[in-house]
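Presented below is the structure to which this report refers.
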Amino acid sequence: VRIFSDEDDVYLGCPKGIFRTKKGGEEFQKILDAGTYHFARENIILLKFFVCGDAFYFVYGEDGGSIKKYVPAEEGDEPDQSLTVYSLQNNDVILDMISEFQNKYPDIEIIYETGEGAEGSVTIADRIRALNARILAGDGPDVFVLDGLPTESYIKKGILADLMPTLADRKEDLVPGILSAYTTEEKVYMLPLRFMVSMFGTSGQDAAVFESLETLVDFCDGREEPAVPEGLPYPYILEILYYNFPPEIVSQDGNINEGEISKFLGLVKRFCDMEQVLPASESPYKMDAMKRNGQCYLQGFTLDWWFMVEEQEFLFINMSGDLGYFPDKVRQRGGELFDNHKRYYANGVLGINAQGAGKEWAELFVKEAFSYKMQQIDTWNTGFPVHNKLLDEYAQKDNSHSMISAGSRDKGELYTVTGFTQAQAKEMIALARSVDNLVERNQVVYEIIEDETVSFLDGKTSLEDAAKEIANRIRLYYLE
């Protein structure tokens, strides 16, 4: 929150919008909604806010520092065209790109919708049903952010347009491995704006420990050293284990593999029992607060503080765009960084509605989104860009001059680490370019697994019943 005072008026700028009151006033009145502007992002670095006439200015710390100007539309100002962008959940990468696109094309109104605002929606499945009803009625968005949406179904039903003609002159700029992963019969129906790399940080353990969830659990069994901090909630640990060691729920013949589900649940319970993971209601770490603060695995959060004070043995790292201080942290613990079977996660997967009314603008938006300038937007913890030139630039970075100290001096837990070297940056980008094992982030399937697994871990259902219920619910989902 930032405050600006101008004579009798007091202005407040924050991710909810811009507000005004009189000095001594009791309530602020909203005068400009945050909407799809840059300052609506959850992880902005807002340095300063000031007002000049009818214009509002924000000074940001991202991208080496920038100033953005916002002016309320005058009465009667109507845009010539409109473009609707939809995502299941608010996405900071998309917010930034919409903001930049709006600056370049001020005559088009961009409407950013999320499933979180869908009337009556409670679960992810509810949000998708609401979206599907709109698509069937011909009222679907022009651009989809497909993270968590049933993409295979959309392709089969002809909902998604081929992006290859749109990206024809961008093709050589994009990471070949990422592009090929999304190419089917010379067509590209969707493509991610960012990607994250699954990695481990060790304190001397052999890589074989992380070969599978079973080898990890067997390694931890009976050891006094904690794998993770004590008291974390079930949902937090489940997300880490599921996305690092995804079970083969759907077999190659298309059937739901109940035996694989049962095995996964049993291993998760063993791990949670050994590591003193707790029900969410008993954990001192509250999941809702952790999610709001971006403290979840898929948002790039890593438990590295506990690692440095030796209260855990290794790190599950979702490498989300910056090596940071990880190389020196594992070095100080006598370990190393290595990849998790070349696994990676996509973020901001874009697709175009083949029947959308604003298809022409949608194509322009997607084309701009994969341009060097748009890919250059530094959105913290959202992943590596898919643009080759930017990856080349990152490989030349040297952050070894940077140093931080953290911990508690009073408790004797103070430690100092330095940033990554150019050689380490080069190795990281070589790894990023080599990933070829895409981990699907189907939010409906994960929501089902989380519901039933937590119920099992809480002792409310048996292993057999939980596995059967997961299989039945996923089977029903795919039939829909």
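The values are calculated or read from the model by the stated rules, or taken from the named source; none is laboratory data. Since the structure is predicted, the reported quantities are computational estimates derived from the model, not experimental observations. Every residue, glycine as well, gets a Cβ built from its backbone with ideal geometry; the counts of neighbours run over all protein chains shown. What goes into the accessible areas is simple: the full protein's heavy atoms, side chains included, and nothing from ligands, DNA or RNA. Shrake-Rupley method; radii C 1.70, N 1.55, O 1.52, S 1.80 Å.
Numbers at a glance
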read-out	value
Sole exception among (1) over 24 Å from the mean Cα position of the chain (by Cα); (2) modelled with pLDDT of 85 or more; (3) of a type outside the set (A, V, I, L, M, F, W, C); (4) farther than 27 Å from Ala357 by Cα for Gly53, by number	(2)
Counted residues, the stretch 453-472 - those being farther than 15 Å from Leu267 by Cα and crowded, with 21+ Cβ neighbours inside 10 Å	2
Of all residues making up the stretch 363-403, the number that are open to solvent by 60 Å² or more (accessible area, probe 1.4 Å) and free of Cβ contacts under 8 Å to residues at least 40 places away in the same chain	7
Filter result (within 20 Å of Leu32 (Cβ to Cβ) and either modelled with pLDDT under 80 or assigned to a loop (DSSP other than H, G, I, E, B) (or both)) within the stretch 61-91	Ser66, Val71, Pro72, Ala73, Glu74, Glu75, Gly76, Asp77, Glu78, Pro79, Asn90
Any pair with Cβ under 9 angstrom, 6 or more apart, that starts in the stretch 16-45 at a residue that is within 30 Å of Cys296 (Cα to Cα) and of a type in the set (Asp, Glu) and ends at one that is modelled with pLDDT of 80 or more and open to solvent by 100 Å² or more (accessible area, probe 1.4 Å)	Asp33/Lys16
Of residues in the stretch 162-174 being more than 20 Å from Asp96 (Cβ to Cβ) and among the hydrophobic types (A, V, I, L, M, F, W, C), the one most open to solvent (accessible area, probe 1.4 Å)	Ala168
Residues satisfying the stated conditions in the stretch 1-36, i.e. among the hydrophobic types (A, V, I, L, M, F, W, C) and part of a strand (DSSP E or B)	Ile3, Phe4, Val10, Leu12, Cys14, Ile18, Phe19, Ile31, Leu32
Residue check, Thr416 of a type in the set (Val, Ile, Thr) and open to solvent by 10 Å² or more (accessible area, probe 1.4 Å)	yes
Number of positions in the stretch 145-161 that are closer than 21 Å to Phe195 by Cβ and either open to solvent by less than 40 Å² (accessible area, probe 1.4 Å) or touching a residue at least 12 places away in the same chain (Cβ under 8 Å) (or both)	10
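For every residue, the table says whether it meets (1) open to solvent by 20 Å² or more (accessible area, probe 1.4 Å); (2) part of a helix (DSSP H, G or I); (3) in contact (Cβ under 8 Å) with a residue 24 or more places away in the chain.
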site: Ser180; (1), (2), (3): yes, yes, no
site: Leu193; (1), (2), (3): no, no, yes
site: Val197; (1), (2), (3): no, no, yes
site: Ser203; (1), (2), (3): yes, no, yes
site: Ala208; (1), (2), (3): yes, yes, no
site: Val217; (1), (2), (3): no, yes, yes
site: Glu224; (1), (2), (3): yes, no, no
site: Ala227; (1), (2), (3): no, no, yes
site: Gly231; (1), (2), (3): no, no, yes
